[in-house]
Amino acid sequence: MLKEHAKLMSAFLASGEVVGRKKLQKMIYIAKKLEFPFQEKFQFHFYGPYSEELTLRVEELCNMGFISEVKEKKGGYFQYRYAVTKEGEDFLEIYEKDMPCLKDCLTDMNVQSARFLELVSTILYFDNLSKEEVVEKVFTLKSKQKYTEEEIDEAFAYIDGLKSKKIVQ
């Protein structure tokens with residue numbers, strides 16, 4: 001039962017601290033698209049791919065004391081910070097975590113902005129389409145974000161870089 005929880009905790013441990021629920025959702029989705037063994041199901045939502053399963057799993061981990069959640073007021077909204085607790089680290093020692101390269105990928109993603117990860121995850125969500133169709137989807141579905149063509153090109157390059165990291169190591 002806790003196997004999927006352990007995978008998620010491994011992601012938190014590899015990332016250090018994750019700031020923001022949206023960022024967390026995007027990081028796990030991107031890692032899943034890079035074929036890391038995350039099982040959460042994602043649907044396209046307001047901010048790109050979203051998993052209710054992931055939200056519930058994080059809530060369960062917080063309730064078990066394995067993940068700490070700190071809620072901070074930032075202007076007109078709240079921001080959440082997540083990190084593995086000592087109890088969580090102890091629990092993870094029991095489970096084998098066979099996800100090579102996960103730390104490199106998540107560490108890299110964790111320094112990106114949530115806005116950029118939203119773009120990357122949206123592009124990956126439509127990876128069955130041609131590049132031109134994906135760009136059209138981004139401009140249509142994410143018009144409020146006002147992504148530029150340069151940002152979109154940067155996101156495609158970033159995805160290629162993540163894929164090569166995973167393959168090489």
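The values are calculated or read from the model by the stated rules, or taken from the named source; none is laboratory data. The structure presented is a predicted model; accordingly, all values stated were derived computationally and were not measured. No Cβ is skipped: glycine too gets one built from the backbone with ideal geometry, and neighbour counts run over all protein chains shown. Ligands, DNA and RNA are excluded from the accessible area calculation, which covers all protein heavy atoms including side chains. Shrake-Rupley method; radii C 1.70, N 1.55, O 1.52, S 1.80 Å.
Values for this structure:
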{"read-out": "All helices (runs of 4 or more DSSP H) inside segment 73-164 with 2 or more residues being closer than 22 Å to residue 50 by Cα and either in contact (Cβ under 8 Å) with a residue 12 or more places away in the chain or touching a Lys or Arg at 6+ places or on another chain (Cβ under 7 Å) (or both)", "value": "102-110, 114-125, 131-141"}
{"read-out": "Leading residue by the ranking (nearest to residue 143 (Cα to Cα)) among those in segment 30-65 that are open to solvent by less than 80 Å² (accessible area, probe 1.4 Å), touching a residue at least 40 places away in the same chain (Cβ under 8 Å) and not in a helix (DSSP H, G or I)", "value": "48"}
{"read-out": "Number of positions in segment 69-89 that are acidic (Asp, Glu), open to solvent by 60 Å² or more (accessible area, probe 1.4 Å) and in contact with a strand residue (DSSP E or B) (Cβ under 6 Å, 6 or more places away or on another chain)", "value": "1"}
{"read-out": "Some residue of segment 45-61 being touching a strand residue (DSSP E or B) at 6+ places or on another chain (Cβ under 8 Å) and farther than 25 Å from residue 119 by Cα", "value": "yes"}
{"read-out": "Identity of the residue in segment 1-27, part of a loop (DSSP other than H, G, I, E, B) and out of contact with any Phe, Trp or Tyr (no Cβ under 9 Å at 6 or more places or on another chain), that ends up least open to solvent (accessible area, probe 1.4 Å)", "value": "16"}
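To keep it simple, each residue is scored yes or no on (1) under 19 Å from residue 38 (Cβ atoms); (2) open to solvent by less than 80 Å² (accessible area, probe 1.4 Å); (3) among the charged types (D, E, K, R).
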residue	(1), (2), (3)
67	yes, yes, no
91	yes, yes, no
105	yes, yes, no
108	yes, yes, yes
115	no, yes, yes
143	no, yes, no
148	no, yes, no
157	no, yes, no
161	no, yes, no
